[in-house]
1. For the stretch 206-233, which positions are open to solvent by 30 Å² or more (accessible area, probe 1.4 Å) and at pLDDT 95 or above?
2. Can you spot a residue in the stretch 49-61 that is of a type in the set (D, E, K, R) and within 9 Å of the ligand (Cβ to nearest atom)?
3. Return the residues of the stretch 75-101 that are at positive phi and touching a residue at least 24 places away in the same chain (Cβ under 8 Å); say none if nothing qualifies.
4. For the stretch 106-120, check the following and say yes or no: at least one residue is within 11 Å of the ligand (Cβ to nearest atom) and either at pLDDT below 95 or closer than 23 Å to residue 243 by Cβ (or both).
5. Residues that are more than 21 Å from the chain's Cα centre (by Cα), at least 3 per element: which helices (runs of 4 or more DSSP H) completely within the stretch 93-171 meet that?
6. What's the total number of residues in the stretch 55-72 that are within 26 Å of residue 208 (Cα to Cα) and out of contact with any Gly (no Cβ under 9 Å at 6 or more places or on another chain)?
7. Could you grab me the full set of residues in the stretch 46-92 that are modelled with pLDDT under 95 and assigned to a helix (DSSP H, G or I)?
8. Please determine, by comparing only the residues of the stretch 311-329 that are in contact with a helix residue (DSSP H, G or I) (Cβ under 8 Å, 6 or more places away or on another chain) and not in a loop (DSSP other than H, G, I, E, B), which one is farthest from the ligand (Cβ to nearest atom).
Amino acid sequence: MAEQKTILKALAGETQAVPPVWMMRQAGRYLPEYRATRAKAGDFLSLCYNPELAAEVTLQPIRRYGFDAAILFADILLVPQALGADLWFVTGEGPRLSTFTGSDDLGKLGPADDIHETLSSIYETVNILTRELPKETTLIGFAGAPWTVATYMIAGRGTPDQGPAHKLMQEDIATFEALLDKITEATILYLSAQIDAGAEVIKLFDSWAGSLQGDTFAKYAVAPTKRIIAALKEKHPNTPIIAFPREAGDGYIGFAKATGADCVALDNSVTPEWGAKHVQVDGCVQGNLASRHMVSGGQALIDETKQIVKAFGNGPHIFNLGHGITPDADPDNVQVMLDAIRG
Ligand code: CP3
């Protein structure tokens, strides 16, 4: 039997002298080859829905750096689009969606089962990648967690404080919860289809979990994540799941146990020492180099990388950034980080 892949070993709880590594947004605008392929596709969404080109940009950072994992090239906002929302991207600004304002809009969304019609090309991308990735590279599929996806649907765009979503929660909780349920059901079907197509690990991005506190964190970050993981584990018991409740703070403590996640990804609001003490005690963690080091580089990048490897060195760890690499990052700094990790 071939030796198990490094990411899968970490997710199974193994401590490794050299942690496996990949980067959030590793296929992205900081790479000239990504920008060239996106130009060929025409725009970002056309790239997402073109299996050959989406597979190509997924492979680019693997060819350049030899990361231990590739993440499927797609976006968390394809799920609302597959449910019937309009979606477009404004260059230099970000996503725009038709706004979900109240109960009338629930009826405008299609049934969760119908999402595959829109998303079938994404499964085709996964399928191509299972053939084209190096045998030692793990393929990660993903989706947004329901709360984060809902914040974009309700505001129709990204927001600094997720105000519109909080407002709907307060003013019409039944509609708010029905929307979350709908996204949850669609997400289970979407992720299950990614696994059927060949995704070996799943990551759930709850980028705005940090704006939920106390009871609402339990109800809208923990509970939907737990439901998605339970449904996936029932059909695919051997597929590990990484949860990323970004900026959860103390909410990180016990998150793996509360949701059934195999790994919790940490952002930069916590130190690696804190993460080792409070989160890694329960199992694998992922993280958490600040993305700005990919812009600034230098000795600080090397020192910080080594400190993170050391802090998480006594348990299962997947090295990553605390959030996505930014378009102004220097591609050479990625290699500096890898050399600092792998020696
Ligand atoms: O390499 C990878 O990480 C895989 C592909 C991936 C993308 N988006 C591609 C992308 C993944 C995993 C995502 C997740 C995603 N998308 C999240 C969760 C993670 C996070 O960043 O918090 C969110 C919130 C989105 C929604 C989204 N997509 C926003 C807010 C934006 C605009 C902001 C930005 O960075 O431009 C996007 C666009 C997007 N998604 C790009 C990429 C490569 C840039 C689009 C371009 O090429 O112009």
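1. 208, 211, 215, 216, 218, 219, 223, 226, 227, 230, 231, 233
2. The answer is no, given that none of the residues of the stretch 49-61 is of a type in the set (D, E, K, R) and within 9 Å of the ligand (Cβ to nearest atom).
3. Within the stretch 75-101, 84, 94 meet the criteria.
4. No, that holds for no residue.
5. 103-106, 115-132, 163-171
6. Adding up the residues that qualify gives 3.
7. none
8. Across the stretch 311-329, the extreme among qualifying residues is 311.
The values are calculated or read from the model by the stated rules, or taken from the named source; none is laboratory data. Since the model is a prediction, treat every value here as computed from it, not as a measurement. So basically every Cβ, Gly included, is an ideal-geometry build from the backbone, and we count neighbours across all protein chains shown. Quick note on the areas: whole protein, heavy atoms, side chains included, nothing else; ligands and nucleic acids left out. Shrake-Rupley method; radii C 1.70, N 1.55, O 1.52, S 1.80 Å.
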